[in-house]
Amino acid sequence: MTAGLVDLTDTDLFVHGDPHAVWAYLRANEPVHWNPSPDGGFWSLTRYADIHDVYVDPGTFSSEQGTVMGGSFGSAQDSATGQMLICADPPEHRLLRQQVKQGFANSMLALIGESVRLYADRALSRIVADGGGDFAVDVAPELPAGVLAAMFGLSAEDAHYLLALTRNMIGSEDGEYNDGDLALVTAQVEIFDFLAELADSRKDRPGHDLVTMLLNSCINGYPMSDAQILYNCLNVVVGGNETTPYTACAGVAAFAEFPGEADRFYASPEVLPTAVDEILRWTSTNAYVQRTATRDVVIRGVPIAAGSKLTLWNASANRDEEVFDRADRFDVTRTPNHHIAFGVGNHRCIGQTVARQEVTILFDLLRERGIRFELDGPIERLRSNFMLGTKHMPVRVV
Ligand code: HEM
């Protein structure tokens, strides 16, 4: 391999190839790598220390021009800029985050926990009764469905409808979910329509849900605008729906690949907390985030011009040999484990407690009920370099 041949926009690599091998090569040979692309190119950072430093300096590395390559909310003129958490910089970001945080308060976490356990338990009972199935379709989406039911007050049917919409958005490059040039925009418009209708109904009939909380929220003495409410609900539903199901799949796949680690996990309930963090590190479903340099900077001697895009590859940082002992080993008792699957700094995942809760509930149920799976066919991965997703994962209950 040579650095010139590396192309992290090549989604074939993420469907059929081994992106971890490419990141390992970049970490060792060119940790600040220029990747040409039709959009003008971008820098890729693959070392933990460099990625960490960029995350904690939002003044120099802005989120306002979008955090996904070539994705939505990508231009300085986009109306989401400064209104939606993920593409806001301080001080607007802090003001928005204070409001959205209400949806993650302890009382809500308790409701989410109950709901997720119910959804996951039911799905596991079904797949056990069938002797197996497609874990990615039959079980994994039930985790965010349980979250949506509690956090947005949705019925199971509406939760699954919204899940299908967010899958179309994040899977907009994957023919199974969407096709055509306008796939991304169409998916977003449909999600906005759904959320706008929900907000209208909550104006008449308030509930104990995030939409109602935001409808009653003020920023600098003014009620949040409809746009701010919709953008931030969109941010939460996409952030929640399109991450944890993939983490769940890749976690179950890791247990199938490393049966010795699965034995250690199933033998002892005390292993659960470290196993959850190792699953998060190992799977790093949100492969990268993007920032834009606001001034000329130098990283590891490489000059980076103001206006350049930088991609921070969390999935690579979490296998950095300089930080993690035997980084390429899945170890359910790994301690310490300072992974950055949720990012770092002011944008650090606002849903991380919910995500941990979902993964913990699923794996706790698996251990408690003694349910183990083996793979029963090839895993089909999502066509995306942003989410390390699993579309299909046939499993057999053993
Ligand atoms: C394993 C699961 C998850 C992973 C790997 C993950 C990863 C991340 C990362 C890396 C960021 C930082 C983005 C940046 O710095 O630009 C982030 C932010 C965010 N996540 Fe998550 N996430 C997960 C689960 C969730 C869940 C369950 C929710 C909601 C229920 C959620 C909602 C959000 C939101 C709203 C933000 C934006 C926060 C901000 O900009 O202040 N995420 N997530």
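List of remarks:
- Full-stretch length increase - Gln352, Glu322 - with 0.36 nm per residue and alpha-carbon distance subtracted: 8.3 nm
- Computed packing ranks the peptides 139-151, 109-121 as 139-151, 109-121, most packed first, by mean other Cβ atoms within 10 Å.
- Neighbours of Phe42 by Cβ distance under 15 Å: Lys/Arg scored +1, Asp/Glu scored -1, total -3.
- Computed magnitude of the charge dipole of the chain (debye, nearest 20; Cβ of K, R +1, Cβ of D, E -1): 920 debye
- Choice from Ala254, Ala21, Ala341 with maximal GNM fluctuation in the chain (Cα, 10 Å cutoff): Ala21
- Distance from the Cα centroid of segment 1-68 to that of segment 346-386 is 25 Å (rounded to whole angstrom).
- The charge dipole of segment 1-130, taken about its Cα centre with unit charges on the Cβ atoms of Lys, Arg (+1), Asp and Glu (-1) only, comes to about 600 debye.
- Dipole of the chain [Lys/Arg +1, Asp/Glu -1 at C-beta], most positive-end residue of Leu272, Ala187, Val302: Leu272
- Cut-off 15 Å between beta-carbons: net charge of the residues surrounding Val297, Lys and Arg +1, Asp and Glu -1: 0
- Dipole-positive endmost among Phe152, Pro38, Gln102 within the chain (Cβ charges, Cα centre): Gln102
- Of Asn106, Asn318, Asn178, the one that fluctuates the most in a GNM where the chain has Cα springs shorter than 10 Å: Asn106
- Formal net charge of residues neighbouring Ala150 (Cβ-Cβ distance under 10 Å; K, R +1; D, E -1): -2
- Using a Förster distance of 45 Å, the FRET efficiency for Arg396-Ala306 (Cβ separation, nearest 0.05): 0.25
- Cα centroids of segment 229-276 and segment 169-224: 25 Å apart.
- Expected 222 nm ellipticity per residue - DSSP helices of 4 or more, -39500 (n - 2.57), all of the chain, to 500: -14500 deg cm²/dmol
- For the peptides 43-54, 276-287, 81-92, the ranking by packing is 276-287, 43-54, 81-92, with the highest mean count of neighbouring Cβ atoms within 10 Å listed first.
- GNM flexibility winner over the chain from Arg167, Arg329, Arg300 (Cα, springs under 10 Å): Arg300
- Taking the convex hull of Cα positions in the chain, its mean projected area over all directions (nm²): 18.8 nm²
Taken together, the values in this text are just the output of simple stated rules run on the coordinates, not laboratory data. This is a predicted model, so every value here is computed, not measured. Virtual Cβ from ideal backbone geometry, glycine too; neighbours counted across all protein chains shown.
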